[in-house]
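The structure appears right after this line, and notes come after that.
The values are calculated or read from the model by the stated rules, or taken from the named source; none is laboratory data. This structure is a prediction, so every number in the text was calculated from the model and none was measured. A quick note on method: Cβ atoms are made from the backbone with ideal geometry, for glycine too, and the neighbour counts reach across all protein chains shown. Just so you know, the surface numbers come from the protein's heavy atoms only, side chains and all, with ligands and any DNA or RNA stripped out. Shrake-Rupley method; radii C 1.70, N 1.55, O 1.52, S 1.80 Å.
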Amino acid sequence: MSAIKESVAPATLASYTTDKELFASRYKQGGRTVYNVAMTPAQIASVIKRPNPDADNPGNRRIRPDHAQAFARYFIDHDEWVVPGIILRAPNIFTFVEDFEVPDAQFGTVKYQERNQGDIHILDGQHRILGFHIALEQIDELIDRARSAKATARRVQDPVAAKEAEKEIHRLEKVRDRLYKERVSVEIQVTDDLQAYRQMFFDIAENALGITASVKARFDSRKVVNRALPAALEHPLLAGRTDLEVDRIPRKSPNLLTARHVMETMRVLTVGFDGRVSRRQDKELDEVQIAQESNAFFTALTEAFPQLKAVELGQLLPDTLRETSMLGSPLFLRVLAGVWYELVNNHGFTRPMATEFLGKLAKHVNAPAHADSIWKLHVDAGAFNEGAWGPNGRRQDAKGLVETIVDWAIMREAFVDEEPLPEPEPVVDEDEGIDYALGHDTTPIEIELRNEVDEIAAASKERAKAIAKG
């Protein structure tokens, strides 16, 4: 199952034919004939025309160009790349020459005429295929740039720059070699029924188990924060209280956070609330140091907030915490991480000083937020909704909340030290509690209404008599 063979028929006065031939296996799936071949990314790009993000595809979803670009970048950047198989569809344009057979499968070569290549379409893998097209174009362009940089360096007699350019050319040529040598499994499903291949696409998408961000955090070792995650999860507050599979915590979950929440909190502690870890930082940052900083923060939380210390000791369950405190909100904990990062890294606070300040907030975190809480009186209106158990989820609102709390610490705002104000008394509706249901005695109301009608009628008669006399 390797290279495409080309066999050219003898030329005639009218025309000549060119066949494409691939090593393949043939079997049945869902009653359809399926050919399985192994093609290089360059071969895939030559067989399947470039997917168009602007065109509607009756047998597939709309293409997201950024997703295809990200796959191209992944292929270029990672020698140890891996990709699932691609599934194509086509009408019965093939002939198969069998070499040998095993039960329910045959091995040999599959052949189709080159002029029928346009009949081969994508069933699954359009972003990967577009990514291969993009990678081929980008690699050629990058090699041209590197060669030009090398020529310029030689012209200006800069041997260091010339050596760096030569090194880059060598790296890019190795990437291009992968495009022409390494292979991807490709299935070709033989069908020309629009209804059938639409159903096939739905079945593929429906039965695919998506990967959550929590699972990504545990398995994607290319990101430095993910590499630090296992050590952070050993902290006494998190051990046994972190869901490793899902991204969101249900209200009644026995867990405090998910792996995704912990990973996002560690990112904040590394680069700030709104920061992003670059590819260069992923290579240069020390995961041991990141884990130590994360553990220091979670320890500070248990020292500052008795509620979290009770969770750590098993005296308070996480689901109970969520019912009574903003500390049950993963976003609120991430906001506190942003505050910690700013105070320790940008404002000269020591860790004990930052812990002491967080401790002053402990008496203010009872949920929900109300009109007289510091979260409504001293924070921008959008940060907390009245009656909410945690901050607003909009990134800009959360970022503004971090900045506001940092200002409280720097300015030593007095209201932080003061006892929280009580929740305002609810406004009582005078009509609240009156039940007008037919099953209850409404006689008093009926008598009152009848008396009012009688009074109005009597007044009307008096006015009519007065008009008649006048």
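Restricting to segment 409-418, and then to whatever is in a loop (DSSP other than H, G, I, E, B) and either touching a residue at least 24 places away in the same chain (Cβ under 8 Å) or over 20 Å from PRO368 (Cα atoms) (or both), can you tell me which residue is least open to solvent (accessible area, probe 1.4 Å)?
GLU413
Could you check segment 183-196 and list, in sequence order, the residues that are loosely packed, with under 15 Cβ neighbours inside 10 Å and not hydrophobic (A, V, I, L, M, F, W, C)?
Across segment 183-196, the qualifying residues are SER185, ASP192, ASP193, GLN195.
In segment 193-237, which helices (runs of 4 or more DSSP H) lie fully inside it and hold 2 or more residues that are touching a residue at least 24 places away in the same chain (Cβ under 8 Å) and under 18 Å from VAL268 (Cα atoms)?
213-219, 224-232
Condition check ((1) of a type in the set (Phe, Trp, Tyr); (2) under 33 Å from the mean Cα position of the chain (by Cα); (3) surrounded by 19 or more Cβ atoms within 10 Å (Cβ to Cβ)) across all residues:
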| position | (1), (2), (3) |
| --- | --- |
| ARG73 | no, yes, no |
| PRO84 | no, yes, no |
| GLU114 | no, no, no |
| ILE129 | no, yes, yes |
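What tally of residues in segment 376-408 results from selecting those that are in contact with a Phe, Trp or Tyr (Cβ under 8 Å, 6 or more places away or on another chain) and free of Cβ contacts under 8 Å to residues at least 24 places away in the same chain?
Matching residues across segment 376-408 total 4.
Tell me, which residue of segment 197-218 that is open to solvent by less than 30 Å² (accessible area, probe 1.4 Å) and over 30 Å from PRO230 (Cα atoms) is modelled with the highest pLDDT?
For segment 197-218, the residue satisfying everything is MET200.
Just give me the residues in segment 238-282 being touching a residue at least 40 places away in the same chain (Cβ under 8 Å) and more than 22 Å from the chain's Cα centre (by Cα), in sequence order.
Listed by number, the residues that qualify are LEU238, ARG241, LYS252, PRO254.
Could you list, in sequence order, all residues of segment 378-399 that are in a helix (DSSP H, G or I) and touching a Leu at 6+ places or on another chain (Cβ under 8 Å)?
ALA398
Checking the conditions here, which among PHE297, PHE273 is in contact with a Gly (Cβ under 7 Å, 6 or more places away or on another chain) and under 25 Å from ARG395 (Cα atoms)? Before the answer, list the steps.
Details: PHE297 fails: in contact with a Gly (Cβ under 7 Å, 6 or more places away or on another chain).
Sole residue among the options that is in contact with a Gly (Cβ under 7 Å, 6 or more places away or on another chain) and under 25 Å from ARG395 (Cα atoms): PHE273.
Do we have any residue at all in segment 28-40 that's modelled with pLDDT of 85 or more, small (Gly, Ala, Ser), in a helix (DSSP H, G or I) and surrounded by 14 or more Cβ atoms within 10 Å (Cβ to Cβ)?
No; the residues of segment 28-40 include none that is modelled with pLDDT of 85 or more, small (Gly, Ala, Ser), in a helix (DSSP H, G or I) and surrounded by 14 or more Cβ atoms within 10 Å (Cβ to Cβ).
Take the conditions farther than 24 Å from TYR74 by Cα, assigned to a helix (DSSP H, G or I) and in contact (Cβ under 8 Å) with a residue 12 or more places away in the chain and apply them to GLN189. Does it pass?
Spelling it out, it is not the case that GLN189 is farther than 24 Å from TYR74 by Cα, assigned to a helix (DSSP H, G or I) and in contact (Cβ under 8 Å) with a residue 12 or more places away in the chain.
When you go through ARG276, ARG322, ARG280 one by one, which is the residue that is farther than 21 Å from ALA354 by Cβ, open to solvent by 60 Å² or more (accessible area, probe 1.4 Å) and in a helix (DSSP H, G or I)?
Values: ARG276 fails: in a helix (DSSP H, G or I); ARG322 fails: open to solvent by 60 Å² or more (accessible area, probe 1.4 Å).
Matching residue, one of ARG276, ARG322, ARG280: ARG280.
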